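Here is the structure we will look at.
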Amino acid sequence: MSAAARIDLHAHSTASDGTLSPAELVRAAADAGLDVVAITDHDTTGGWDAALDALPPGLALVRGAELSCRWYGVEPAIPLHLLAYLFDPAEPELAAELARVRRAREERGERIVRLLQADGIDVDWAEILAGAAGGTVGRPHIAQALIRAGLVATTTEAFGPDWLGERYRLPKEDIDVFRAVALVRAAGGVPVFAHPRASRRGRIVPDELIVALAAAGLAGLEADHEDHSRAERAHVRALAADLGLLVTGSSDFHGTHKTVQLGAFTTEPEAYERIIALARGVTPIASG
Ligand code: AMP
Ligand code: ZN
Ligand code: FE
Ligand code: FE
C-alpha cells in the first residue's frame with residue numbers, strides 16, 4: 001500500500017440506505033480515484049457478493065457492515081453505530097443478530113408509517129418497503145416517501161424535529177454494544193466505533209464508555225467524518241492515541257441520500273494495515 005493510497009472505509013449501497021447498487025458503488029469508488037473502499041451497509045452483508053463481482057481493476061474491497069447498537073449504561077439507552085470489518089458472514093450468532101435487527105427495523109418502519117398516517121399524512125408502507133428493494137430499511141426510505149408526498153423538499157428536512165428526527169422517530173431494537181464488539185471479534189472481524197462524537201445527530205456517549213469498549217475489544221475510532229467538527233476530530237484522535245486504538249476517516253457515502261462524496265474523508269494506510277493485520281474472518285479483495 002503506497003503512502004498516497006486513498007482509502008475510504010465507510011460507504012452505503014442499496015443493500016441498506018444508499019442509492020447506488022453495490023456494483024455501482026465500487027465503480028463510483030474507482031471513478032473517485034480510491035484505492036480501497038469498504039462497503040458498510042446497515043446490519044447486512046447482502047451487498048458483498050454483488051460488489052465483489054463488479055470490482056473494477058485497481059480497487060480493493062473491504063467487506064464490512066455498520067451495526068445498529070445501543071449502550072444501556074444510561075436511561076434512556078443511547079443508540080450508536082459500530083463499523084465491523086472483514087468478519088465471517090457465516091458466523092451463526094452474529095448473522096442471527098443482524099437478521100433480528102433487520103426484522104425489527106421493518107416493524108419499526110411500519111409503526112412510524114402508522115404514526116404518520118394517524119396524523120393524516122399520506123404515506124404507504126408497502127411502497128416504502130418496495131423502495132428499499134430488499135435492502136435494510138431505514139428512515140431515509142421513509143424520508144423519500146415524505147418527499148414524494150410533497151411534505152418536505154430534502155432528506156435533511158425529513159430528518160428535522162417535526163418529522164423523522166423527533167416527532168415521528170421511534171427507537172430500533174439494536175444490539176447491546178458490548179455484545180456487538182464481542183460478536184464481531186468472535187467472527188474474526190475488526191470493530192471500529194463510527195462517528196463517536198456526532199453530537200449533531202443526537203446524544204453521544206461519554207469517553208468512559210469508549211475506554212470500557214477498548215478494554216472489551218474495540219479496535220478503532222472513526223475520527224474524520226462530516227458529522228464531526230474540527231475540535232471533535234481532534235478529541236477523537238487524542239482519545240484513540242491514549243487508548244492505543246487505530247483511527248479512521250471515511251465519507252459515510254449514501255449516494256443522493258446525503259451530499260457527501262466518496263473519498264471526502266480518508267484513512268491513513270497505516271491504520272488500514274492494522275485493520276488487515278487484526279482481521280481473521282475474510283480478507284480484502286483486490287481485482288486486477
Ligand atoms: P435509521 O438507521 O433508520 O435510524 O436512519 C438513520 C440513517 O439515516 C443513518 O444511516 C444516517 O446516515 C441517515 N441520516 C441520519 N440523519 C440524516 C440527515 N440529517 N440527513 C440524511 N440522512 C441522515
Ligand atoms: Zn445510513
Ligand atoms: Fe452511521
Ligand atoms: Fe453509515
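The values are calculated or read from the model by the stated rules, or taken from the named source; none is laboratory data. Note that the structure is predicted; figures quoted are calculated from it, not measured. Heads up, the Cβs are rebuilt from the backbone with ideal geometry, glycines too, and the neighbour counts pull from every protein chain shown. Keep in mind that these areas ignore ligands, DNA and RNA; they rest on the heavy atoms of the full protein, side chains included. Shrake-Rupley method; radii C 1.70, N 1.55, O 1.52, S 1.80 Å.
The lone criterion from (1) within 13 Å of ligand 2 (Cβ to nearest atom); (2) among the acidic types (Asp, Glu); (3) touching a strand residue (DSSP E or B) at 6+ places or on another chain (Cβ under 6 Å) left unmet by residue 97 is number (1). Among the residues making up the stretch 225-257, those that are within 14 Å of ligand 3 (Cβ to nearest atom), modelled with pLDDT of 95 or more and touching a Gly at 6+ places or on another chain (Cβ under 9 Å) are 225, 248, 251, 253, 254.
Restricting attention to the stretch 172-188, the residues being modelled with pLDDT of 95 or more, assigned to a loop (DSSP other than H, G, I, E, B) and over 15 Å from the mean Cα position of the chain (by Cα) number 2. What are the residue pairs meeting all of these: first residue in the stretch 130-148, first residue within 18 Å of residue 39 (Cα to Cα), second residue open to solvent by 50 Å² or more (accessible area, probe 1.4 Å) and assigned to a helix (DSSP H, G or I), Cβ atoms under 6 Å, and 6 or more apart or on different chains? Partner pairs satisfying both residue conditions: 136/102; 137/106. Is it true that residue 222 is away from ligand 3 (no atom under 16 Å from the Cβ) and either open to solvent by less than 10 Å² (accessible area, probe 1.4 Å) or not in a loop (DSSP other than H, G, I, E, B) (or both)? No.
Annotation: residue 16 fulfils all but one of (1) open to solvent by 10 Å² or more (accessible area, probe 1.4 Å); (2) in a loop (DSSP other than H, G, I, E, B); the unmet one is (1). Being assigned to a loop (DSSP other than H, G, I, E, B), at pLDDT 95 or above and among the aliphatic types (A, V, I, L, M): is that true of residue 115 here? Answer is no for this residue. Those residues that are farther than 15 Å from residue 200 by Cα, surrounded by fewer than 20 Cβ atoms within 10 Å (Cβ to Cβ) and not hydroxyl-bearing (Ser, Thr, Tyr), I need them from the stretch 153-171; list them, please. Correct list: 153, 162, 167, 169, 170, 171.
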